[in-house]
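The values are calculated or read from the model by the stated rules, or taken from the named source; none is laboratory data. On a predicted model such as this, the values are computed, not experimentally measured, just so you know. Every residue, glycine among them, receives a Cβ derived from its backbone with ideal geometry; neighbour counts consider all protein chains shown. Note: areas computed on protein heavy atoms with side chains; ligands, DNA, RNA excluded. Shrake-Rupley method; radii C 1.70, N 1.55, O 1.52, S 1.80 Å.
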Amino acid sequence: WSWSSVLAEKPPTARPAMARVFFALWPSPESARQLAEVAESFATRAGGRVTSQESIHLTLAFIGDVPVDRLPDLEHAAREVRGEAFALTLDRLGVWRHNRIFWAGCSVLPPALAELSAALGAALPAAGFAVADAWRTFTPHVTLVRKMVALDAALPECEPVAWNNRQFVLARSTLSAECSSYRTIAEFPLLAGAG
């Protein structure tokens with residue numbers, strides 16, 4: 001006999017249940033409605049898949065697949081993050097041609113948003129969670145349309161959208177053939193003061 005034959009006979013272990021998760025800011029219903037209207041209007045000219053109003057968000061840190069039994073550890077790590085409430089003004093629209101995305105962003109990055117992103121970027125790896133694309137410079141944006149067809153479509157006029165942030169969330173993403181759906185699984189308050 002050999003160890004390889006013993007190991008070969010061992011039944012395969014079941015893969016743990018996984019959850020696809022990320023940390024994000026979620027807008028008020030009014031801000032989400034405004035952004036959804038911009039998305040719908042642009043998609044009539046450019047084609048593509050519009051982000052549904054209830055799915056509009058700004059990703060702070062994308063984690064990806066995490067074993068479900070590690071979600072409490074992930075939540076605990078985020079509870080250690082301290083940040084201030086802040087106002088965000090989305091006043092820029094753009095297209096990333098390489099991945100056919102129409103997005104909304106801000107011309108002025110609120111310091112509290114940069115600090116929150118950096119704090120998460122430090123706390124999560126310290127707790128054993130990898131942040132996808134951690135090497136990239138944080139570029140806060142809201143994806144409004146995916147898979148655009150007409151990449152040269154004129155951008156609409158941009159009415160600034162005010163977005164007050166008093167919390168961030170841990171959300172779970174469920175993928176389907178048509179779209180992704182999101183469900184908040186934990187909320188984390190931001191401290192009053194700046195927002």
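Computed quantities for the displayed model
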read-out: Lys147 long-range amide H proximity, modeled H, under 5 Å; value: Arg49
read-out: Label-to-label distance, nm, for residues given as Ala162 and Ala127 (7 Å Cα→Cβ offset); value: 3.3 nm
read-out: Among Ala150, Leu175, Val161 - extreme Cα towards positive end, dipole of the stretch 133-187, charges at beta-carbon; value: Leu175
read-out: Accessible surface of the stretch 12-105 [probe 1.4 Å, protein heavy atoms]: carbon and sulfur percent; value: 50 percent
read-out: Accessible area per residue in Å² at 1.4 Å probe, computed on the chain; value: 57 Å²
read-out: The chain: relative contact order as a whole-number percent, Cα under 8 Å and 6+ apart; value: 31 percent
